[in-house]
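Asker: First the structure, then my questions, so here it is.
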Amino acid sequence: MPIRAVLWDIDDTIFDYAGADRTGMRQHLELAGLPEAYASVDEALDAWKAITVRHWARVAAGETDFLGQRRDRVREFLSRAMTDAEADDWFAGHVTHYEAAWALFPDVLPVLDRLVPAYRHAILSNSSTDHQHRKLTTLGVRDRFEAMVCAVELGISKPEAGAFHAACEALALEPHEVAYVGDEPDIDASGAVAAGLTGIWLDRRGRGGRSDLVRITGLDQLPGLLAGDTRFGAPDTFG
């Protein structure tokens, strides 16, 4: 049976999270000051990225919640004890600049337009519904997706099969009728395949090295893949 719907990751797949986060934190540090632990802004930005990845993994593992990971990221980054209110206040300064830098990747709208009306679209994110709904609404694309399933409310996260199956159920489709597109080879593509979906790794940075996965390096390659390209289903064929 052919693919009938595309299930999308959000951050660093359709939304340039890494770019907005780095720009926002750079601007925040210009006002709040560089923490003593870092010799340069670039060093601080690299540390912030690593801390963010580590604490989001704790959310996925059920070790903390959405607000908890934010507060713990701030405490670790600043290397000091802080009350929840103090951590929230510091993070709010970053959020102001981060949200001002929100942007879709340039290839997103053209591809969504090309895929209509042949495919239905939905979201599966390891974040929270309120947060991602507001983000997609601000970016002007929330109405492009008929369903949105997020780990915080669902109680399970990618790469668990139950997360992918919940999104398929929201579409009233079987897993084999759905393709999942995401920027992480393990959490997104491999997780989708293990759950019975077609997993597609969007390798925007050209990391490569995963011959077991179907890989694209830009969303412009997706329509041909879904439409029955002869290479579809063969691992690592693009880029």
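The values are calculated or read from the model by the stated rules, or taken from the named source; none is laboratory data. Since this is a predicted model, take the numbers as computed values, not measurements. Note that each Cβ is placed from the backbone with ideal geometry, even for glycine, and that neighbours are counted across all protein chains shown. Ligands, DNA and RNA are stripped out before the accessible areas are found, and what is left, the full protein with its side chains, is counted by its heavy atoms. Shrake-Rupley method; radii C 1.70, N 1.55, O 1.52, S 1.80 Å.
Asker: Check whether at least one residue in the stretch 227-238 is in a loop (DSSP other than H, G, I, E, B), farther than 22 Å from E63 by Cα, touching a Lys or Arg at 6+ places or on another chain (Cβ under 9 Å) and of a type in the set (F, W, Y), and report yes or no.
Answerer: Looking for residues that are in a loop (DSSP other than H, G, I, E, B), farther than 22 Å from E63 by Cα, touching a Lys or Arg at 6+ places or on another chain (Cβ under 9 Å) and of a type in the set (F, W, Y), one finds at least one in the stretch 227-238, hence yes.
Asker: Restricting to the stretch 36-60, what's the tally of residues that are surrounded by 15 or more Cβ atoms within 10 Å (Cβ to Cβ) and more than 21 Å from A151 (Cβ to Cβ)?
Answerer: 5
Asker: L222 - would you say it is in a loop (DSSP other than H, G, I, E, B) and either at pLDDT 95 or above or open to solvent by 20 Å² or more (accessible area, probe 1.4 Å) (or both)?
Answerer: Considered against the rule, which asks whether it is in a loop (DSSP other than H, G, I, E, B) and either at pLDDT 95 or above or open to solvent by 20 Å² or more (accessible area, probe 1.4 Å) (or both), L222 comes out as no.
Asker: Give the residues of the stretch 137-157 that are closer than 12 Å to D9 by Cβ and at pLDDT 95 or above, sorted by residue number.
Answerer: Within the stretch 137-157, F145, M148, V149, C150 qualify.
Asker: For L7, state whether it is open to solvent by less than 50 Å² (accessible area, probe 1.4 Å) and in a helix (DSSP H, G or I).
Answerer: No.
Asker: While we're here: When both residues are 6+ apart or on different chains and their Cβ atoms are under 6 Å apart, which pairs have a first residue that lies in the stretch 44-67 and is touching a residue at least 60 places away in the same chain (Cβ under 8 Å), and a second that is surrounded by 15 or more Cβ atoms within 10 Å (Cβ to Cβ)?
Answerer: As it stands, the answer is V59/Q69; A60/N126; A60/S157; F66/S128; F66/V152, since those pairs meet every condition given.
Asker: Please verify whether the stretch 113-127 includes one or more residues that are within 21 Å of Y17 (Cβ to Cβ), without any contact (Cβ under 8 Å) to a residue 60 or more places away in the chain and surrounded by 20 or more Cβ atoms within 10 Å (Cβ to Cβ).
Answerer: No - not one qualifying residue is present in the stretch 113-127.
Asker: What's the total number of residues in the stretch 205-219 that are over 18 Å from R114 (Cβ atoms) and modelled with pLDDT of 95 or more?
Answerer: 3
Asker: Return yes or no: is D65 at pLDDT 95 or above, among the charged types (D, E, K, R) and surrounded by fewer than 15 Cβ atoms within 10 Å (Cβ to Cβ)?
Answerer: Spelling it out, it is not the case that D65 is at pLDDT 95 or above, among the charged types (D, E, K, R) and surrounded by fewer than 15 Cβ atoms within 10 Å (Cβ to Cβ).
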